[in-house]
Each structure stands twice: as structure tokens, then as C-alpha cells.
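Bear in mind these aren't lab numbers, they're just calculated from the coordinates by the rules spelled out. As the structure is a computational prediction, the values presented were derived from the model and not from experiment. Here Cβ is always computed from backbone atoms with ideal geometry, including for glycine, and neighbour counts include all displayed protein chains.
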């Protein structure tokens with residue numbers, strides 16, 4: 001299992017590190033590609049779970065929402081407008097289904113799948129909303145966009161790592177086993193502790209009080225866990241072990257970004273609430 005995780009990281013880490021080093025359009029490119037591929041996997045899982053959809057339209061809507069998040073300065077209510085247009089187009093496409101019940105399911109599934117996958121857009125929105133990095137701090141050279149996205153990435157990875165190792169060593173009591181049989185309370189605690197420590201270090205590097213990690217770590221860690229469970233629920237409904245086969249040893253792109261789908265909006269909300 002650890003070897004498989006290492007192999008997955010070897011596939012994903014290099015482009016992410018390069019994007020964070022270069023910033024700007026490179027981060028946008030990585031997020032857009034990841035969101036588009038994840039959307040394809042979402043619609044395949046929805047089909048496997050018995051929910052018909054207009055997958056091609058859903059993928060286009062996902063990519064459009066993510067690209068919209070890359071616009072600086074943002075256009076007021078543009079994301080809401082895109083979702084509205086997407087919902088309208090999905091309804092029109094669903095009209096072609098001979099059974100109105102299938103048409104209704106198609107409409108709902110298309111809109112849901114696109115909205116779910118496009119939550120990755122909050123990685124870009126986080127960069128826009130982040131406060132300036134304090135001059136002279138260790139990570140001042142990254143700027144707010146790259147610095148706070150780095151905080152998100154390292155905190156989520158720390159949660160996953162802490163949950164894996166502590167859960168493997170001490171995990172006995174399980175929770176929500178009807179969704180994911182591998183989740184344990186020990187893993188949950190280990191993940192939160194690791195996420196808190198990682199967020200405290202990066203926040204200090206950004207010039208923020210390290211003790212703020214006591215808030216950010218658990219918030220992002222629990223959101224990451226919820227994102228993982230949400231994808232597990234979708235896979236279980238579809239009878240699938242992995243979301244795809246793109247990444248050797250660890251399934252598809254959705255299997256690797258599921259935590260970020262929930263963690264990115266939560267961290268963005270924290271930033272907006274704390275710094276505005």
C-alpha cells in the first residue's frame with residue numbers, strides 16, 4: 001500500500017511542484033486539467049451508480065467554472081451565471097430523453113456532477129482571496145497566491161499521511177464503515193494532529209501566528225476527510241474500487257483530488273472570514 005501511494009505521489013508531485021514554483025498560468029493549467037479529468041471520472045461513476053447524465057456537457061461546465069475562477073480581477077457573479085446557464089443547457093439536453101423520469105435524473109446528475117468536480121476551482125479562488133504574505137517572512141518570496149495554496153496542499157497531505165500511519169498502527173474502532181471500511185478514529189486523530197502541525201509551520205512561514213494552525217489544521221483536515229468520504233460514497237454506489245485507472249496503484253485523478261474538493265472551499269471561507 002505504501003509503495004502504491006509513493007508511486008502515485010511520484011506521478012502527481014512533479015507537475016504540482018513545478019506549477020507552484022512558476023505560479024500564474026501554470027497553477028491554472030494544472031487545476032483545469034485535474035478538474036476536467038476528475039469530471040470525466042465523476043460522470044463515469046454516476047453512470048455506474050445508475051444515474052444518467054450528459055457527461056460531455058458536465059465536463060465543459062466544470063472546465064468553464066474553473067477557468068472563470070482564474071480571471072483576475074473576478075467578474076461579479078460570473079460563477080453563478082455560468083452555473084445558471086449550465087443548468088439551463090442540461091435541462092434542454094434532458095428534454096430529449098423519452099422518459100421524463102430519466103430526463104429529470106439526467107438533468108439533476110449533470111448539474112450535480114459539474115458542480116461537484118468544479119469545487120476544485122476554489123484552489124484558484126483561494127489564491128485570489130489570500131492576504132499578503134508578511135514581508136521578511138520565510139515564504140515571502142512565494143506571494144499570497146502560491147503561499148496559501150502551498151498551505152492547502154501541505155495540510156491536506158499531512159492529514160492523509162497522519163491518518164494513514166496512525167490508523168494503520170492503532171486503528172481499531174471504525175466509523176462510517178458502510179461508506180469506507182478503512183476509516184478509524186485513531187486515523188482521524190492522527191490526521192488532525194498532523195494537519196495542525198503542518199498548517200502551523202506553513203502559517204509561520206507566511207508571517208501568520210503559528211497558533212492559528214489550531215484552527216486551520218482541524219478545519220482543513222476534517223474537510224479533507226469529508227471530501228474523501230464523499231467520493232467513497234460515490235464509488236460504493238457505483239460498485240467501483242477506484243475512480244479510474246489513470247494513476248498507477250491509486251486509481252484515477254478523482255481519487256487524489258477528492259480531499260481538495262472540500263478542503264479548498266473551507267480554507268477559502270476561512271480566509272474570507274478572517275481577513276476581510
By average Cβ neighbour count within 10 Å, what is the ranking of 50-63, 159-172, 72-85, 109-122 from highest down?
109-122, 50-63, 159-172, 72-85
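What translational D, rounded to a whole number of µm²/s, comes out for the chain from Stokes-Einstein when the hydrodynamic radius is the Kirkwood one over Cα pairs, at 37 °C and 0.692 mPa s? Please report the intermediate quantities before stating the final value.
Numbers: Rh = 19.3 Å.
The estimated diffusion coefficient comes to 170 µm²/s.
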Highest first, please rank the peptides 15-23, 227-235 by the mean number of other Cβ atoms sitting within 10 Å of their residues.
227-235, 15-23
The helix 25-48 Cα axis meets the longest alpha-carbon principal axis of the chain at an angle in degrees, between 0 and 90 and rounded to 10, of 50
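Efficiency by 1/(1 + (r/R0)^6): what FRET value for residue 56 and residue 104, r their Cβ-Cβ distance, R0 = 22 Å, to the nearest 0.05? Kindly include the intermediate steps, with their values, before the conclusion.
On the way: r = 19 Å, r/R0 = 0.87.
E between residue 56 and residue 104, to the nearest 0.05, is 0.70.
Can you tell me, using C-alpha contacts under 8 Å and at least 6 residues apart, the relative contact order of the stretch 155-202 as a whole percent?
Details: 73 pairs, mean separation 23.5, N = 48.
Taking the mean separation of contacting Cα pairs over the length of the stretch 155-202, I get 49 percent.
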Can you tell me the 0 to 90 degree angle between the C-alpha axis of helix 143-170 and the longest principal axis of the chain, rounded to 10?
90
Label residue 189 and residue 96 with points 7 Å out from Cα along Cα→Cβ: what is the distance between them in nm?
5.5
Please report the spacing between the Cα centers of the stretch 217-276 and the stretch 43-66 in Å, no decimals.
17
Calculated from DSSP H runs of 4 or more alone, at -39500 (n - 2.57) each and per residue, what is the 222 nm mean residue ellipticity of the chain, nearest 500?
-25000 deg cm²/dmol
What's the extension gain from residue 197 to residue 176 if we count 0.36 nm per residue and subtract their Cα-Cα distance?
5.0 nm
Which distance in nm do the two modelled labels at residue 75 and residue 212 give, with both placed 7 Å along the Cα-to-Cβ direction?
3.2
Hey, rough spin-label estimate for residue 84 and residue 134, points 7 angstrom out along Cα→Cβ, what's it come to in nanometres?
4.3
Below 8 Å, C-alpha to C-alpha, sequence gap of six or more: please give me the relative contact order for the chain in percent.
22
With Kirkwood's inverse mean 1/r over C-alpha pairs for Rh, give me the Rg to Rh ratio of the stretch 50-159, two decimals please.
1.15
